[in-house]
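Engineer: Would you mind keeping the following structure in view while I ask a few things?
The values are calculated or read from the model by the stated rules, or taken from the named source; none is laboratory data. All of these numbers come straight from a predicted model, not from anything done at the bench. So basically every Cβ, Gly included, is an ideal-geometry build from the backbone, and we count neighbours across all protein chains shown.
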Amino acid sequence: MNDELEPLTRRRFIGRAGFGALGLTASGLLPRWARAATGIVPARRREGLDTDIELNIRKQRFVFGGEEGEALTINGSVPGPLVRLREGGTATLRVKNEMDEATSIHWHGILLPPEMDGVPGVSFAGIPAGETFVYRYPVKQNGTYWYHSHSGLQEQLGHYGPLIIDPAEPDPFLYDRDHVVVLGDWTFENPYKVLARLKKQSNYYNFQRRTFPELFDEADLGLGNRLMWGRMRMDATDIADVTGATYTYLMNGLAPQDNWTALFRPGEKVRLRLINAAAGSFFDVRIPGLSMTVVQVDGQNVEPVTVDEIRVAIAETYDVIVEPVEDRAYTIFAESMDRSGYARGTLAPREGMSADIPARRKRPLRTMADMGMGGMDMGGGDAAMGGMDMSGREGHAMPGMNTAEENAGSAEPVMHGPDDHGPGNAAVATMPTSRLHEPGIGLGNDGRRVLLYTDLRALRPLYEHRVPDREIELHATGNMERYMWSFDGKKFSQVDGPIPFVNGERLRINFVNDTMMEHPLHLHGMWMHLDNGNGAYNPRKHTVNLKPGERMFVEVEVDAPGRWAFHCHILTHMEAGMFQVVEVGDHVLDDLRAETPPHDSEAGS
């Protein structure tokens, strides 16, 4: 029987996964996406308790959409090969650097010793040119994850791949077939030149700015609105820093015209593991003609919720079940958030089939809510500033309203405190508010049901629900005109030292976005429990998408001693300074409580 069409039952799937390997020596058993995208040779492995995998990183010419460029490949492919582990075992991954520069691999979302986390300068020294580093760690979890370089801008050059950990116990949902869908973005430009252009002109790649006639068509936005954007040196169409003007959007390494195809038999339950491994792109994923039932988020099981569309932020993963019953093709459509392009594949019963590609939607516009000014009357010209200072100077303080606890899971805005975070921040969100219940910019107005963060509920309680020992506040800050990105107005090069976490504490973090852009925030080494009102059933995530002007609460069970990275997962933002280190140690909790600055609702931020 053709392996591609042999039903992949859960029992058969787990049996195959018992090989515990990245690649199987017979190329016919390679995951279909890897064969179609790259035709790579499987990595070698050894049988036994340990999973022993070899990954070779090198520079080589690679073709994307019919055009050749220089990529960083892993075992000769982009994305890298599928690493498959099993919960309860031990992973042994031998990474050989065949380049003339240092590299690294970070195992995104995996709980492991800090020296195995793969962040140069934080917990290990990196992998020098020509050398091999052996990652070895116990596999404590299961689900869909991914891996990528944490060295410079290498991730943008193709240095990433999927990682699946098969569960020790059966999954709590059924499926017949399993496909990995890795979303990415590729530029034929040197990524460092891309960053240099953004530093000189932050909207360099925005070719969707409003035209003169559109200004009249959008008169209802008000003069005050347009003046504010001008003062911030921004445009309401600034949705993504890097766009389809230079990006080719990829699905499993293939451009849209190459039509990556996943096979199914009508009537099967098909599991799609959606991984956003892009460097700078959010994707809105839908399959016209099919609904998607979300069963896992960031590798964690959730109560199933059926939707038509999912915004997948950079570094997030979503596992969905689809049930195609017709003998026809379906388009897997991943539209970039700024509508400047798309990645595309096909779900089909046979090779060579395709379905209609949806028309791209009109690019969205930023709103007052994106400035943290939702619900305010914007009809008064300069009065619409509502106390918002665009100059980075002090003097715009407004009194606080409620405590962080009173606003958890609430859409009620809270006035920003007096700290504008200095020249590293161009503006503050005057009235940051919870936006967990919102689908995100450009979504929710066409009748489709879009997945919301408030839809996510853990399948079972993931920790003892108790009062946090401490609360801190952290602001996402930036200056678009100078293309500076930071936390609390300080780039990583300007901070005094790591953020102290106390081993054993429950820490509540209040994230506030003072910028007009989304930030996918990733904490290494520990889970963030997103406070979306579900108490002990709050979902567990390794990456949370912080919308513009939003305040969001997460709780962290601090249980991983050592130093860990925390950063925005937009690669150019991280490289420009939106990166911090947290240090989990035996700090004195009372001392840290005394040193913690009061939050917005008190004396400032």
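Engineer: Collect the residues in region 86-95 that are surrounded by fewer than 21 Cβ atoms within 10 Å (Cβ to Cβ) and within 27 Å of Gln60 (Cα to Cα), keeping them in residue-number order. So that I can check it myself, show each step before the final result.
Structural biologist: Kept after step one, since they are surrounded by fewer than 21 Cβ atoms within 10 Å (Cβ to Cβ), are these residues of region 86-95: 87-90, 92, 94.
If the condition is that a residue be surrounded by fewer than 21 Cβ atoms within 10 Å (Cβ to Cβ) and within 27 Å of Gln60 (Cα to Cα), then Thr92, Arg94 are the ones that fit.
Engineer: Residue check, Met516 against (1) surrounded by fewer than 22 Cβ atoms within 10 Å (Cβ to Cβ); (2) at pLDDT below 95, all met but one. Which one?
Structural biologist: It is condition (1) that Met516 fails.
Engineer: Okay, moving on. Might you let me know whether region 96-106 holds any residue that is modelled with pLDDT of 50 or more, in contact with an Asp or Glu (Cβ under 8 Å, 6 or more places away or on another chain), surrounded by 22 or more Cβ atoms within 10 Å (Cβ to Cβ) and outside any loop (DSSP other than H, G, I, E, B)?
Structural biologist: Initially, region 96-106 is screened for residues modelled with pLDDT of 50 or more, giving 96-106.
Next, from what is left, pick out any that are in contact with an Asp or Glu (Cβ under 8 Å, 6 or more places away or on another chain): 96-97, 106.
Checking which are surrounded by 22 or more Cβ atoms within 10 Å (Cβ to Cβ) leaves us with 97, 106.
Now narrow it down to the ones that are outside any loop (DSSP other than H, G, I, E, B): 97, 106.
Yes, that holds for at least one residue.
Condition check ((1) in contact with a strand residue (DSSP E or B) (Cβ under 6 Å, 6 or more places away or on another chain); (2) surrounded by fewer than 16 Cβ atoms within 10 Å (Cβ to Cβ); (3) at pLDDT 85 or above) across all residues:
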residue: Tyr204; (1), (2), (3): no, no, yes
residue: Phe216; (1), (2), (3): no, yes, no
residue: Asp220; (1), (2), (3): no, yes, no
residue: Leu223; (1), (2), (3): no, yes, no
residue: Asp241; (1), (2), (3): no, no, yes
residue: Pro266; (1), (2), (3): no, yes, yes
residue: Phe283; (1), (2), (3): yes, no, yes
residue: Leu290; (1), (2), (3): yes, no, yes
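Engineer: While we're looking at this one, here's another question. Mind counting the residues in region 128-154 that are without any contact (Cβ under 8 Å) to a residue 40 or more places away in the chain and crowded, with 17+ Cβ neighbours inside 10 Å?
Structural biologist: Step one: of region 128-154, the residues without any contact (Cβ under 8 Å) to a residue 40 or more places away in the chain are 128-133.
This time we only want the ones that are crowded, with 17+ Cβ neighbours inside 10 Å, so: 133.
Going through region 128-154 one residue at a time, the tally reaches 1.
Residues checked against (1) under 15 Å from Leu55 (Cβ atoms); (2) in contact with a Ser or Thr (Cβ under 8 Å, 6 or more places away or on another chain):
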| position | (1), (2) |
| --- | --- |
| Gly121 | no, no |
| Ala125 | no, no |
| Pro128 | no, no |
| Thr132 | yes, no |
| Pro138 | no, yes |
| Gly143 | no, yes |
| Trp146 | yes, yes |
| His150 | yes, yes |
| His159 | yes, yes |
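Engineer: Then there's this: Hey, Arg311 hits all of (1) farther than 22 Å from Leu523 by Cβ; (2) among the charged types (D, E, K, R); (3) within 14 Å of the chain's Cα centre (by Cα) but one; which does it fall short on?
Structural biologist: Just one mismatch for Arg311, condition (1).
Engineer: Name the strands (runs of 3 or more DSSP E) wholly inside region 117-171 in which the number of residues that are touching a helix residue (DSSP H, G or I) at 6+ places or on another chain (Cβ under 6 Å) and under 19 Å from Leu82 (Cα atoms) is 2 or more. Talk me through it step by step, then tell me what you get.
Structural biologist: Numbers: elements: 132-138, 143-148, 160-166.
Strands (runs of 3 or more DSSP E) meeting the threshold: 132-138.
Engineer: Evaluate the following for Asp496: is it of a type in the set (Asp, Glu), assigned to a loop (DSSP other than H, G, I, E, B), at pLDDT 95 or above and more than 18 Å from the chain's Cα centre (by Cα)? Quick ask: steps written out before the conclusion?
Structural biologist: Values: of a type in the set (Asp, Glu): yes; assigned to a loop (DSSP other than H, G, I, E, B): yes; at pLDDT 95 or above: no; more than 18 Å from the chain's Cα centre (by Cα): yes.
The answer is no for Asp496.
Engineer: May I pose another question? Out of all the residues in region 464-501, which are surrounded by fewer than 21 Cβ atoms within 10 Å (Cβ to Cβ) and β-branched (Val, Ile, Thr)?
Structural biologist: The answer is Val467, Ile472, Val495, Ile499.
Engineer: Next up: With respect to Leu157, determine if the residue is modelled with pLDDT of 95 or more, touching a Pro at 6+ places or on another chain (Cβ under 7 Å), aliphatic (A, V, I, L, M) and surrounded by 18 or more Cβ atoms within 10 Å (Cβ to Cβ). Break it down into steps so the answer makes sense when it comes.
Structural biologist: On the way: modelled with pLDDT of 95 or more: yes; touching a Pro at 6+ places or on another chain (Cβ under 7 Å): yes; aliphatic (A, V, I, L, M): yes; surrounded by 18 or more Cβ atoms within 10 Å (Cβ to Cβ): yes.
Yes: the conditions hold for Leu157.
Rundown of residues vs (1) under 18 Å from Met480 (Cβ atoms); (2) in contact (Cβ under 8 Å) with a residue 60 or more places away in the chain; (3) outside any strand (DSSP E or B), yes/no style:
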{"residue": "Leu507", "(1), (2), (3)": "no, no, no"}
{"residue": "Val512", "(1), (2), (3)": "yes, yes, no"}
{"residue": "His522", "(1), (2), (3)": "no, yes, no"}
{"residue": "Met526", "(1), (2), (3)": "no, yes, yes"}
{"residue": "Asn545", "(1), (2), (3)": "no, yes, no"}
{"residue": "Pro548", "(1), (2), (3)": "yes, yes, yes"}
{"residue": "Val554", "(1), (2), (3)": "no, no, no"}
{"residue": "Arg563", "(1), (2), (3)": "no, yes, no"}
{"residue": "Phe566", "(1), (2), (3)": "no, yes, no"}
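Engineer: Before we move on, is Asp469 of a type outside the set (Phe, Trp, Tyr), over 25 Å from the mean Cα position of the chain (by Cα) and under 19 Å from Asp531 (Cβ atoms)?
Structural biologist: yes
Engineer: Let me ask something additional. Determine whether Arg233 is over 20 Å from Val182 (Cα atoms), at pLDDT 95 or above and in a loop (DSSP other than H, G, I, E, B). Give the derivation first.
Structural biologist: Details: over 20 Å from Val182 (Cα atoms): yes; at pLDDT 95 or above: no; in a loop (DSSP other than H, G, I, E, B): yes.
In short, no.
Engineer: Scan region 536-553 and give yes if some residue there is small (Gly, Ala, Ser) and crowded, with 24+ Cβ neighbours inside 10 Å, otherwise no.
Structural biologist: Yes, region 536-553 has at least one match.
The rows are residues; the columns are (1) under 26 Å from His587 (Cβ atoms); (2) under 22 Å from the mean Cα position of the chain (by Cα).
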| position | (1), (2) |
| --- | --- |
| Asp488 | yes, yes |
| Phe492 | yes, yes |
| Pro500 | yes, no |
| Arg508 | yes, yes |
| Asp531 | yes, yes |
| Gly535 | no, no |
